[in-house]
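The structure under discussion appears below in the form of structure tokens.
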Amino acid sequence: MKKAFQEKLRGVSLLAVAGGLFFVALGLRYKFGNVFYSPESGRFSSDILAKDFIHPIIPISGAFFKLIPEFGAGYLVPVFLLLMPSIFLFCSGINLIFPEVWEKIRERWRGKPALFAGGAVITGFILIMLVQHFILFNYTYVCDEFSYSFQADMLKNGQLYVQSPPMNNFFKFANTVCLDKWYSRYTIGFPLLLMSGKVMGIPSLVNPLLSCGTIILLFLAGKELGGEKAGITAAFMAAFSPTFLILGATYFAHSSEVFFSLLFCYCVFWIMQKADSPALLPASIAAFSAAIVLLIRPGSGAAVFAGGIIPLCYRCIFAREKRLILPSVIITLGALAGAGVLLGVNQAQTGNMLTFAFGKYRETETVGFINGHTPLKGLWNFICLSMKGSFWVFPIILTGAVATIIRRKNLFGVFTFPAVLFAALYFMYPSTGQVEFGARFYLAAVILLIPLAASGVYLIFDFLRDRFKIQYAGQVGMWVAAAGIFTIVSVIPSLMTVTRAEYGNNKGLRSFLLDPKPGSPEKFITFIRTAPNNHSFVYTINTPYPEKQKNICVLYLSPVENIEFMKQYPDRTPLVMNFSQTAGFGFEPYNRDIQPSASDYIAAGINYRISVFDNEKAENLLFLALSLEPENAQARFQLGTLLFEKREYEKALQMFMKIKNTEPDSLYYAGKCYSGLGDIKQAARCMKEYLEKYPNREKSPAAQDRLKYYSERE
């Protein structure tokens with residue numbers, strides 16, 4: 001009796017220690033994870049971080065040494081040194097207090113894996129819908145999302161493009177092409193899926209339902225790789241991964257990319273493993289999936305197809321499995337069909353079947369080590385997103401996958417090859433994405449590794465049990481529950497404060513732009529005059545059929561053009577939208593009777609330069625502003641920047657030097673102009689003066705780098 005009491009007392013002590021470790025782990029995650037929870041990831045991407053630096057290793061290494069301690073204290077220590085031991089201690093404590101509890105639970109639920117899988121699906125769906133409606137407010141916030149919806153509206157009407165409206169410069173929007181034809185920069189795969197949702201009146205359910213399908217596929221794949229328990233674990237790993245849940249609540253294409261990539265890999269795996277089963281149906285599904293992924297994201301489609309077809313061909317050639325020849329042919333034909341549709345759409349939209357709209361009209365974001373992108377920058381993006389992504393997915397996915405590969409002496413190439421190719425593809429992509437809930441570009445790679453990770457978790461716990469000679473049960477179930485709670489609860493503060501506030505505030509603006517006067521039959525035109533970061537083209541949110549809208553949102557261009565544009569819509573009331581850092585967004589009636597001011601021409605010039613990409617018109621308008629106000633510092637700075645980009649260094653230098661005492665960054669750009677003219681001594685002098693006057697401005701680190709470089713070459 002005394003011994004039993006001591007065992008229970010020891011069990012209570014272990015539970016107390018386990019609880020303490022768990023809450024310490026959670027506290028560390030709260031304290032050190034903030035930098036990784038911010039959705040605004042663009043500042044860490046190599047193309048922005050290393051901009052203006054001659055030696056990109058300087059800002060990259062600085063960011064690396066800043067983020068590594070945060071990653072260690074916020075992820076490595078809480079997960080491996082606190083969370084995992086707490087699971088061991090908790091299970092041991094429960095076994096001491098209730099010796100037969102795990103056996104009773106196991107006996108009661110044995111043979112009911114589908115019930116658990118269903119629970120994971122329901123859990124995932126509920127969490128996705130909560131995020132969609134109470135945090136992201138269920139609207140197309142990011143330009144990518146709006147662009148997908150824009151194309152889906154056209155496809156719903158049986159059109160790949162529409163004719164651009166008259167005076168099409170007014171309608172320029174990020175991620176759409178508006179020249180003689182008007183269409184999305186993105187390929188038609190996800191817009192096709194979104195169109196089906198629009199036809200049925202449920203566009204907001206497309207990604208949630210695809211995400212639920214992914215959870216089911218993970219259960220099936222995990223079950224094939226490691227048994228029923230691994231299947232259940234794989235399903236909950238996704239259901240408790242915030243990145244997976246949040247992207248399932250958005251209108252991004254990543255959830256569809258993940259679903260069809262996993263469906264493809266699962267079907268190929270089935271074909272390779274089930275020698276006695278008919279291969280025609282899974283081969284046909286794999287072929288269809290390969291085609292769809294190619295249409296969603298061509299690069300991802302190529303990675304998935306190559307990653308699946310390589311193991312099949314290997315078995316055909318070296319293992320002489322002739323039964324795999326027909327499935328390989330069917331899958332290849334499916335991929336070729338998808339590629340054919342893609343090329344046909346390119347021909348219709350861009351006039352060249354080999355030219356993609358995104359590559360043609362967004363040349364700086366093409367894949368490859370071009371336009372300043374280097375292997376060093378690609379490596380940094382990979383490291384940065386890997387660290388950030390670790391905070392937004394279920395813990396030890398990579399560790400579990402590696403454990404499965406090592407312990408079972410099997411590469412499981414159908415799942416690992418595409419994941420590796422995904423990583424290689426985005427290694428060559430210059431950006432990490434401006435809005436990142438984790439690492440959305442790598443979501444497909446992470447999901448493909450989950451079936452391996454689920455098996456690996458059991459291998460890890462078995463190894464630790466044998467290594468330390470501890471007898472307990474239920475550790476994996478507790479791991480899934482505790483790690484899931486740990487991950488989701490860690491993310492909630494960021495989502496409920498920063499993200500929810502940002503999406504909520506922007507939804508109010510979006511609602512006004514859609515309907516400035518609810519309940520009134522009055523129609524409007526809103527000219528976007530100024531906007532945050534001068535990105536007016538983010539707010540020209542029009543459907544392909546603007547004449548049907550209550551409010552048409554267009555760019556503010558030259559006053560003469562604006563009045564000419566208004567003549568096309570005489571029945572609409574014109575408004576002007578302005579933005580300032582202090583007052584925020586403001587709207588006022590467009591007064592056509594007031595004489596245009598210098599600030600009007602400056603606003604129009606900035607919009608032409610940044611939103612329309614017409615530097616010639618921008619230059620003319622900025623010179624017009626200077627003719628009205630010769631000492632206007634903003635006009636001179638904008639002109640100087642434009643002339644510098646055109647490599648007209650002499651003219652740009654004149655602009656910058658005249659305002660060096662009123663516009664701080666003018667000194668910095670003057671130094672770059674001197675460098676462009678070959679006057680390294682004067683370039684160094686400008687950088688030195690800039691650093692003396694402004695040691696803590698945003699461009700100060702780049703100025704320091706340039707000063708060192710110029711000084712070495714004087």
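Over what distance in Å are the Cα centres of the stretch 501-526 and the stretch 280-319 separated? So the separation of the two Cα centres works out to 45 Å.
Taking Cα atoms of the stretch 1-103, Rg/Rh with Kirkwood Rh, to two decimals? Reported Rg/Rh, Kirkwood definition of Rh: 1.30. The long axis of helix 84-97 is offset from the longest Cα principal axis of the chain by roughly 30 degrees.
A Cβ-based charge dipole, computed about the Cα centre of the chain with Lys and Arg at +1 and Asp and Glu at -1, lands at about 2200 debye.
Taking 56 Å as R0, compute the FRET efficiency from the Cβ-Cβ separation of LYS51 and SER284 and round it to 0.05. Rounded to the nearest 0.05, the efficiency is 0.75.
A 1.4 Å probe run over the chain, with the rest of the protein chains in place, finds 44 Å² accessible per residue. Dividing the convex hull volume of the alpha carbon atoms of the stretch 158-199 by its residue count gives 83 Å³ per residue. Taking 15 Å as the straight-line reach from the Cα of LYS198, the aspartates and glutamates in range (excluding those fewer than 8 positions away in the same chain) are GLU145, ASP153. Report the residues of the stretch 20-50 in range of a label on GLU698: point 7 Å along Cα→C-beta, backbone N strictly under 16 Å from it. Answer for this model: 40-50. Amide H contacts under 5 Å for ILE552: PHE524, ILE525, THR526, restricted to partners 5 or more places along the chain or on a different chain, H placed in the peptide plane at 1.01 Å from N.
For ARG43 and GLU100, what is the calculated FRET efficiency with R₀ set at 41 Å and r taken between the beta-carbons, to the nearest 0.05? For R0 = 41 Å, the calculated efficiency reads 0.15. With contacts taken as Cα pairs under 8 Å and at least 6 residues apart, the stretch 537-619 reaches a relative contact order of 25 percent.
Considered as an equivalent ellipsoid built on the Cα gyration tensor, the stretch 484-586 has semi-axes of 34, 16, 11 Å, the largest given first. Its residue count N fixes a reference of 2.2 N^0.38 Å for the stretch 421-547, and the Cα radius of gyration divided by that reference is 1.74. For a modelled paramagnetic label at ALA633, 7 Å from Cα along Cα-to-Cβ, the residues of the stretch 682-697 in reach, with backbone nitrogen under 19 Å, are 686-687, 689-697. Over all pairs of different C-alpha atoms in the chain, the reciprocal of the mean inverse distance, the Kirkwood hydrodynamic radius, equals 28.3 Å. Spin-label pair VAL420-ARG467: with each label point 7 Å from Cα along the Cα-Cβ axis, the two points sit 2.5 nm from one another.
The apolar share of the surface of the chain, taken as the fraction of accessible area on carbon and sulfur atoms (1.4 Å probe, ligands and nucleic acids excluded), comes to 63 percent. Under a 5 Å amide H cut-off, with hydrogens placed 1.01 Å from N, LYS181 pairs with SER164 among residues at least 5 apart or on other chains. Here r is the Cβ-Cβ distance between ASN34 and LYS548 and R0 is 35 Å; the resulting FRET efficiency, rounded to 0.05, is 0.20. Exposure check, 1.4 Å probe, all protein chains in place: PHE318 carries approximately 150 Å² of accessible surface.
Electrostatic bookkeeping for VAL612 treats Lys and Arg as +1 and Asp and Glu as -1; over the other residues with beta carbon under 13 Å from its beta carbon, the sum is -1. Neighbours of SER61, meaning other residues whose beta-carbon lies under 14 angstrom from its beta-carbon, give a summed charge of +1 when Lys and Arg score +1 and Asp and Glu score -1.
Compared with the dominant Cα axis of the chain, that is its longest principal axis, helix 254-273 is turned about 40°.
Converting phi to 3J(HN,Hα) with the Karplus coefficients 6.51, -1.76 and 1.60 and the offset θ = phi - 60°, the stretch 443-460 yields 4, 4, 4, 5, 5, 5, 8, 4, x, 5, 5, 4, 5, x, 4, 5, 5, 5 Hz in sequence order, with x at every glycine or proline. If the segment from GLU522 to LYS274 were pulled out straight at 0.36 nm per residue, it would be longer than the present Cα-Cα gap by 82.8 nm.
Roughly how tilted is helix 228-239, in degrees to the nearest 10 and between 0 and 90, from the longest Cα axis of the chain? Tilt relative to the chain: about 20 degrees. Normalising the average separation of contacting C-alpha pairs (under 8 angstrom, six or more residues apart) by the number of residues puts the relative contact order of the stretch 209-348 at 21 percent. The label point for THR366 and the one for ALA319, both projected 7 Å from the Cα toward the Cβ, are 4.0 nm apart.
Note on the chain: antiparallel DSSP beta bridges, both residues inside, total approximately 50 percent of the bridges counted. For the residue pairs LYS181/LYS517; LYS51/LYS672; LYS156/LYS181; LYS172/LYS617; LYS8/LYS112; LYS66/LYS388, the C-alpha atoms sit more than 22 angstrom apart in LYS181/LYS517; LYS8/LYS112.
Relative contact order of the chain: 15 percent, from C-alpha pairs under 8 Å at least 6 residues apart in sequence.
The values are calculated or read from the model by the stated rules, or taken from the named source; none is laboratory data. Every value quoted in this text rests on a predicted model; they were computed, and no experiment measured them. Glycine gets a Cβ as well: all are built from the backbone with ideal geometry, and neighbour counts include every protein chain shown. In case anyone asks, the SASA skips ligands and DNA or RNA and just uses the protein heavy atoms, side chains included. Shrake-Rupley method; radii C 1.70, N 1.55, O 1.52, S 1.80 Å.
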